Amino acid sequence: NKQIILKDYVNGFPKESDMPLITSSTINLKLPEGSNAVLLKNLYLSCDPYMRGRMSESKGSYVDSFTPGSPITGYGVAKVLDSGHSKFKKGDFVWGMTGWEEYSIINAPETLFKIEDTDVPLSYYTGLLGMAGMTAYVGFYEICAPKKGEYVYVSAAAGAVGQLVGQFAKLCGCYVVGSAGTKEKVDLLKNKYGFDEAFNYKEEQDLTAALKRCFPNGIDIYFENVGGKMLEAVLSNMRLNGRIAACGMISQYNLEEGEGVRNLFLVVTKRLRIQGFIIGDHYHMYPKYMETVLPLIKQGKICYIEDVVEGLESAPAALVGLFSGRNVGKQLVVVARE
Ligand code: NDP
C-alpha cells in the first residue's frame, strides 16, 4: 500500500519534501469477520487549503493535526472493496474522509457519503458535489443571504469554492466581481464563469483603489477567501449594512503570526455583519444542495473546472501549489480511475 505521510510538523510554507511517499506492508483486501469498518480503494483525492493547519503542531486547525509518520488524511472519492457496515456494500462509491494512500480502512464509516448519482464524473465529488460545493452553497445562500441586484465581491475567485460562489451569485441576479492571481484565471472569470468584472490582484498597486474602480457604489456582500490586506481593502469599500461570509483566509495560513487588519472600526461605523462558518457543521443540508445543483449541472447552467494531476506521488506538489496559486480550478489527484 503506497502512502503519503507527513514527515514532521511544518513551519512556514509547506514543501513537497514534508510529505514523502512510502510503501507500507501489503494490505489484506478482506476485512476481519465481525468488523464494522469499510475497506476502500481510493480513486480521487482532494487538495484543500485547510490541510495546512493540520500540518502544524499547536496552532492546528479546526480539525485535529496530522500525526507525523502517519498517512495524511483528507477528502476523497473511493470504491468500497469490502464492508462490515450496513450502510455500504462492495462496489459502492463513496466520498468523505479517507487516507492519502492506495487503500484505506475506515473505522467510522458513518461519516462517509454514499454516491447515488453516477451520471456525472466521479471526480466531481471531490469538489463541486462534495465539500467545496457545499461551502460555496452554504456560505453564499445561508451566510450572505443575498438579494437580487446586490453587489458581490469574491476573492480567490477562480478556485474550487470561488468559481461556484460567482456562478451562484449570477444565478441570484447579483452583480459579481472576482479577483485571482493570473491573467488566465481573470479571463476564465469573465469569459467562462460569467463574472461581470474581474481583476488580477497581483498587478494592482492599490487594492482599495482597484475595488473602488470595480464597485463605485460599494460592496454589499464579500465572500472572504483570502484575508489580510485584501480584507482591509474590502472593509474600506463595503456599503452600510454589508455582509461578509468569512470562509477562509489563505494569505494567513503560512504565517507564523497573522497580519493585523488596521481598519476594523469600519465594521462598527458601516454596521457590517461578518460571519465565519465551517462547512462540517452544515452537512445536514447536503441532500438539499444536491437537489439544487444536480439539475443546474445537467442543464449546463453551472460550469466547473478541475485541475487534475495523475498519481499519488503527485499529491504533495499539488497541495503545496495551492499556496502559490498554481492550481486553475479545483485541485485534485487521480490515484486510480476504477
Ligand atoms: P482554491 O482552489 O481557491 O485554491 C487556493 C487559491 O488561493 C490559490 O489558487 C490562489 O489563487 C489563492 N491564494 C493562495 N495564496 C494566496 C495569498 N497569499 N493571497 C491571495 N490568494 C492566495 O481553494 P479552495 O476553493 O478550496 O478554498 C478557498 C478558501 O476557502 C480558502 O481560504 C479555504 O481555506 C476556504 N475554505 C473554507 C471552508 C470552510 O468550511 N470555512 C471549506 C473549504 C474551503 P490566486 O491565483 O487567486 O492567488
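The values are calculated or read from the model by the stated rules, or taken from the named source; none is laboratory data. All of these numbers come straight from a predicted model, not from anything done at the bench. All Cβ positions, even for glycine, are placed from backbone atoms using ideal geometry, and neighbour counts span all protein chains on display. In case anyone asks, the SASA skips ligands and DNA or RNA and just uses the protein heavy atoms, side chains included. Shrake-Rupley method; radii C 1.70, N 1.55, O 1.52, S 1.80 Å.
Odds and ends about this structure:
- Screening Thr23 against (1) of a type in the set (Ser, Thr, Tyr); (2) over 28 Å from Val328 (Cβ atoms); (3) open to solvent by less than 20 Å² (accessible area, probe 1.4 Å) leaves a single unmet condition, (3).
- Where Asp220 falls short, out of the listed (1) more than 13 Å from the ligand (Cβ to nearest atom); (2) within 17 Å of Val328 (Cβ to Cβ); (3) in contact (Cβ under 8 Å) with a residue 24 or more places away in the chain: (2)
- Among residues of the range 268-282 that are among the charged types (D, E, K, R), those with a beta-carbon under 9 Å from a residue that is part of a helix (DSSP H, G or I) and surrounded by 13 or more Cβ atoms within 10 Å (Cβ to Cβ) at least six positions away or on a different chain give the pairs Lys270/Leu235; Arg273/Val267; Asp281/Val138.
- Within the range 172-192, being outside any strand (DSSP E or B), open to solvent by less than 10 Å² (accessible area, probe 1.4 Å) and within 18 Å of Leu296 (Cβ to Cβ) holds for one residue alone: Cys174.
- Matching entry among Met51, Met97, Met19 (being modelled with pLDDT of 95 or more, in contact with a strand residue (DSSP E or B) (Cβ under 7 Å, 6 or more places away or on another chain) and more than 22 Å from Tyr125 (Cβ to Cβ)): Met19
- Close pairs (6 angstrom Cβ cut-off, 6 or more residues apart or separate chains): touching a residue at least 24 places away in the same chain (Cβ under 8 Å) and more than 6 Å from the ligand (Cβ to nearest atom) in the range 245-257, basic (Lys, Arg) and not in a loop (DSSP other than H, G, I, E, B) anywhere: Tyr253/Arg52
- Selection count where residues are more than 10 Å from the ligand (Cβ to nearest atom) and on the phi > 0 side of the Ramachandran plot, scope the range 134-157: 2
- Scanning the range 132-175 for residues that are touching a Gly at 6+ places or on another chain (Cβ under 6 Å) and under 20 Å from Glu203 (Cα atoms) yields a count of 3.
- When restricted to residues that are basic (Lys, Arg) and surrounded by 23 or more Cβ atoms within 10 Å (Cβ to Cβ), the range 35-56 contains 0.
- Any hit, the range 131-143, residues being part of a loop (DSSP other than H, G, I, E, B) and farther than 16 Å from Leu332 by Cβ: no
- Scan of the range 110-160 for residues that are touching a Lys or Arg at 6+ places or on another chain (Cβ under 7 Å), more than 21 Å from Pro295 (Cα to Cα) and crowded, with 17+ Cβ neighbours inside 10 Å, ordered by number: Cys144, Ala158
- Filter pass, Val10 being closer than 25 Å to Met131 by Cα and in contact with a Lys or Arg (Cβ under 9 Å, 6 or more places away or on another chain): yes
- Options Gly329, Gly325; residue that is open to solvent by less than 30 Å² (accessible area, probe 1.4 Å), of a type in the set (Gly, Ala, Ser) and touching a Ser or Thr at 6+ places or on another chain (Cβ under 9 Å): Gly325
- Exactly one residue among Ser58, Ser70, Ser46 is away from the ligand (no atom under 16 Å from the Cβ), at pLDDT 95 or above and among the polar types (S, T, N, Q), and that residue is Ser70.
- Which listed residue, of Ala160, Ala169, is of a type in the set (A, V, I, L, M, F, W, C), modelled with pLDDT of 95 or more, within 8 Å of the ligand (Cβ to nearest atom) and not in a strand (DSSP E or B): Ala160
- Tabulated pairs, the range 174-193, first in contact (Cβ under 8 Å) with a residue 60 or more places away in the chain, second assigned to a helix (DSSP H, G or I) and of a type in the set (A, V, I, L, M, F, W, C), C-beta under 7 angstrom, 6+ apart or interchain: Ala180/Val186; Ala180/Leu189
- Here the strands (runs of 3 or more DSSP E) wholly within the range 199-291 that include at least 2 residues being open to solvent by 30 Å² or more (accessible area, probe 1.4 Å) are 238-246, 273-276.
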